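The next block holds one structure in the form of C-alpha cells; read it before the comments.
What follows is calculated from the coordinates using simple rules that are stated; it is not laboratory data. Just so we're clear, the structure is a prediction, and the values are computed from it rather than from any experiment. FYI the Cβ positions are ideal-geometry reconstructions off the backbone, even for glycines, and counts take in every protein chain you see.
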Amino acid sequence: MNKSKTIFFIIISLFFSLNNFAQEKKIVNLTLNDVVRIAKEQSPDALMAKHKFKSSYWQYRTFKANYLPQVNFSSTLPDFSKSIDKITLSNGDDIFIKRRLANSNMSISVAQKIGLTGGQIFLNSNVRRLDVIGDSTNTSYLTTPINIGLSQPVFAYNPYKWEKKIEPLEYEEAKRIYLEDMEQVAITATNYFFDMLLAQIKTKIQLLNKTNNDTLYKIAQGRYNLGTIAENDLLQLQLSLLNSNTNYENQKLNLQMKRFKLKSFLRLKDNDIINLIPPDKIFDIEVNHEKAISEARQNASDFIAFNRKILEQEREVSRAKLENRFSANIYAVYGLTQSADGFQEAYKNPLDQEQIRFGIQVPIIDWGLAKGKIKMAESNQQLVQTSVEQQQIDFNQNIFLKVSRFNMQKSQLLIAAKSDTVAQKRYMVTKQRYLIGKISITELNIAQTEKDRAKESYINTLWTYWTNYYELRKLCLYDFINDKKIVFNLENVK
C-alpha cells in the first residue's frame with residue numbers, strides 16, 4: 001500500500017512539473033526588422049490598409065465590367081388576367097365581353113457602351129405567346145428574332161470619356177496609397193519598438209545603478225565605521241540606494257506597459273516575453289536630393305492625385321459647357337418580326353421593322369444659368385490648378401528637408417554613440433577614484449547621471465534615424481538601402 005502511494009505521488013509530481021514546464025514563459029528576441037515584418041503582416045493598421053485597398057480594387061473591377069457587353073435574360077411565365085372589357089363592333093355598337101388572357105414572354109439582350117462617343121449599341125431577341133381562354137383556347141405567337149439598335153447623343157456631355165481617364169488614375173492612386181499605408185505601418189512599428197526599447201534600456205540602467213549603489217553603500221558602511229568618511233556621505237549613498245530601488249520598480253512597471261502596447265499592436269496573443277535587440281548596423285548611405293525628388297514624382301500617390309484633380313476639374317468644365325446647351329439624340333433600331341398561330345411558323349418569313357428617332361433640345365432663355373455654371377467651373381479649375389502647383393512645391397521642399405535631416409542624422413548618431421562610450425568609461429573611472437577616496441560622492445553622482453543620459457540620448461538618436469528613414473521611404477516609395485523601388489504586388493493584398 002505504501003509503495004502504491006509512493007508511485008502515485010511520484011506520478012502526480014511529474015505531472016505538475018511537466019505542466020509547469022509547459023506553461024513556463026519563454027523569451028523571444030525581436031529585432032527592428034522582425035517587428036516591422038510582423039506589423040506589416042498582422043497589425044490592425046496593416047489589415048485596415050488591405051481592406052481599404054480591396055474596396056478600391058472592386059470599384060475598379062466594377063468600372064471595367066461596366067464597359068463589357070451586358071447580357072440579360074428576362075421572362076414572364078405567365079401573366080394571367082380575367083376581366084370584362086368593352087369592344088366596338090363593326091356597326092359601331094359597343095358590347096362588353098368576358099376575357100381571360102394568359103400572356104407569356106421571354107427575351108435576351110446584349111448591350112455595349114461606346115466610351116468614345118457616349119452612346120450605346122444593343123441587340124435583343126424575344127418571343128411572346130398569347131392565349132385567349134374561352135370555350136376554346138386560341139394561341140398566337142409574336143416573335144422578334146433579332147433587333148439591332150443604336151442610341152447616340154450628339155453634342156452632349158460624355159461621362160464615359162472622362163471615366164476612362166479618371167478611374168484608372170484612381171486605381172493607380174489606391175495602389176500607391178496602399179504602399180504608403182504599409183510604410184506608415186513600418187513607422188508606427190518603429191515608434192513602438194523604440195518606445196519599448198528605451199524602457200528596456202532604462203530598466204537595465206536602473207538595475208545596474210541599484211546594484212552599484214548597493215555595493216557602494218556597503219563599502220561606505222565599512223569606511224564609516226573606520227572613520228574614513230563623514231556621516232553625510234554615508235547618508236547620501238543610502239538615499240541614492242533608496243532612490244535607485246524606487247526608480248527600478250517604476251521602470252519595471254513602465255517596461256511592462258510598453259511591452260503590452262507593442263504586443264497589442266503586433267497582435268501577439270501568446271504569453272512569451274519579448275526582448276528587443278537594438279539595431280547594431282547603420283547603413284553607409286547618402287541620399288541624393290535630386291534622386292529622392294525624382295523617385296517621389298514617379299512613385300508617390302500625391303503626384304497621381306495632382307493629375308487626377310486637374311482632370312476632374314477639366315471634366316466639370318466640359319460638363320458645364322455641354323449641359324443645358326444645344327444637344328441632340330439619335331435612336332435607331334432595325335429588326336425582324338413575325339406573328340403566327342404556331343411557334344415554328346412565327347419564325348418563318350419574318351418581316352422587317354425599323355424605327356428612327358432624332359430629338360433635339362435647344363434652350364432659348366436661361367437667364368445666364370449656363371454661362372454662370374461655366375464661369376464657376378472655370379474658376380474652380382484655376383483654383384485647383386493653383387492649389388496643385390503649390391502642393392507640388394511644398395512636396396518637393398518636404399522631401400528636400402527629409403533628405404537633409406536623414407543625411408545629417410548619421411553623423412549625429414556616431415556622435416551619440418561615441419558620447420555613450422565616453423560616458424560609460426568616465427563613470428567607471430570616477431567610480432574607481434571614489435572607492436580610493438580621491439573624489440566626493442557628488443562627482444560620482446554627476447558621472448552616473450551623465451552616463452544614464454548618454455545611453456538614453458543614443459537610443460533616442462537611433463530612434464530618430466530609423467524613423468526618418470522610414471518616413472523617407474514612405475514619401476518616395478523607394479528603398480534607398482537596397483536601391484530599388486517599392487513595388488505593388490496584388491498577391492500581398494489578397
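Dividing the Cα radius of gyration by the Kirkwood radius, what Rg/Rh value follows for the chain? Walk me through the numbers on the way to the answer.
Details: Rg = 40.9 Å, Rh = 32.1 Å.
With Rh from the inverse mean 1/r over Cα pairs, Rg/Rh is 1.27.
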Relative to the first principal axis of the alpha-carbon coordinates of the chain, what is the inclination of helix 301-322, with its axis defined by its Cα atoms, in degrees from 0 to 90 and to the nearest 10? 30
Taking the mean number of other Cβ atoms within 10 Å as a proxy for protection, how do you rank 283-294, 363-374, 319-330 from highest to lowest? 319-330, 283-294, 363-374
Quick one: net charge of residue 478's neighbours, Cβ under 15 Å, K/R +1, D/E -1? -1
Subset of 54/371; 50/252; 26/202; 25/52; 164/371; 261/281 violating a 31 Å alpha-carbon distance limit: 54/371; 50/252; 25/52
Taking every Cα atom in the stretch 334-429, find the radius of gyration and the maximum pairwise distance Dmax, and write them in Å. 38.8, 115
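Which whole-number percent gives the relative contact order of the stretch 293-384, counting Cα pairs below 8 Å spaced six or more residues apart? Mind showing how you got there, number by number?
Details: 83 pairs, mean separation 32.3, N = 92.
Once divided by the residue count of the stretch 293-384, the mean separation gives 35 percent.
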MRE, 222 nm, helices only [DSSP H, n ≥ 4, -39500 (n - 2.57), over the chain, to nearest 500]: -21500 deg cm²/dmol
In whole angstrom, note down how far apart the Cα centers of the stretch 231-303 and the stretch 412-477 are. 14
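Once the other residues with Cβ under 13 Å from the Cβ of residue 195 are scored (Lys, Arg +1; Asp, Glu -1), what is the net sum? All intermediate terms of the calculation are to be shown ahead of the outcome.
Values: positive: 202, 258, 259, 261, 263; negative: 456.
Taking every Cβ under 13 Å from that of residue 195, the sum is +4.
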Normalised alpha carbon radius of gyration of the stretch 197-334 [divisor 2.2 N^0.38 Å]: 2.40
Neighbourhood charge, 13 Å Cβ-Cβ cut-off, centred on residue 51 and excluding it, Lys, Arg +1 and Asp, Glu -1: +2
Rounded to the nearest Å, what's the spacing between the alpha carbon centres of the stretch 192-208 and the stretch 34-92? Just the number, please. 55
Residues 433, 176 arranged by fewest to most Cβ contacts within 10 Å: 433, 176
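Please arrange 62, 449, 337 by how many other C-beta atoms lie within 10 Å of their C-beta, fewest to most. Don't skip to the end; give the middle numbers.
Numbers: 62 10, 449 13, 337 16.
Going from least to most buried by this count: 62, 449, 337.
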At q = 0.14, 0.15, 0.28 Å⁻¹, work out log10 I(q)/I(0) for the stretch 314-378 with the Debye formula, treating every Cα as an identical point scatterer and leaving solvent out; two decimals please. -0.60, -0.63, -1.09
Under the √(5λ) rule applied to the eigenvalues of the Cα gyration tensor, what semi-axes describe the equivalent ellipsoid of the stretch 406-469? Give them in Å, descending. 31, 9, 6
For the stretch 102-146 and the stretch 324-372, write down the distance between their C-alpha centroids in whole Å. 17
Treat the stretch 39-91 as a sphere of radius equal to its Kirkwood radius over Cα pairs and apply Stokes-Einstein at 4 °C in a medium of 1.567 mPa s; give the translational diffusion coefficient in µm²/s, rounded to a whole number. 75
Under 18 Å between alpha carbons, and skipping anything fewer than 8 positions from residue 113 in its own chain: which aspartates and glutamates qualify? 163, 167
Cα-based convex hull, the stretch 45-159, per residue volume (Å³, whole number): 228
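Can you sort 40, 26, 54 from fewest to most other Cβ atoms within 10 Å of each residue's own Cβ?
Values: 40 17, 26 8, 54 14.
Fewest to most other Cβ atoms nearby, the residues stand as 26, 54, 40.
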Angle check, please: helix 32-42 long axis (alpha carbons) against the longest principal axis of the chain (alpha carbons), in degrees 0 to 90, nearest 10. 30
Above 14 angstrom, tally the Cα pairs of the stretch 126-200 and express them as a % of all pairs, no decimals. 81
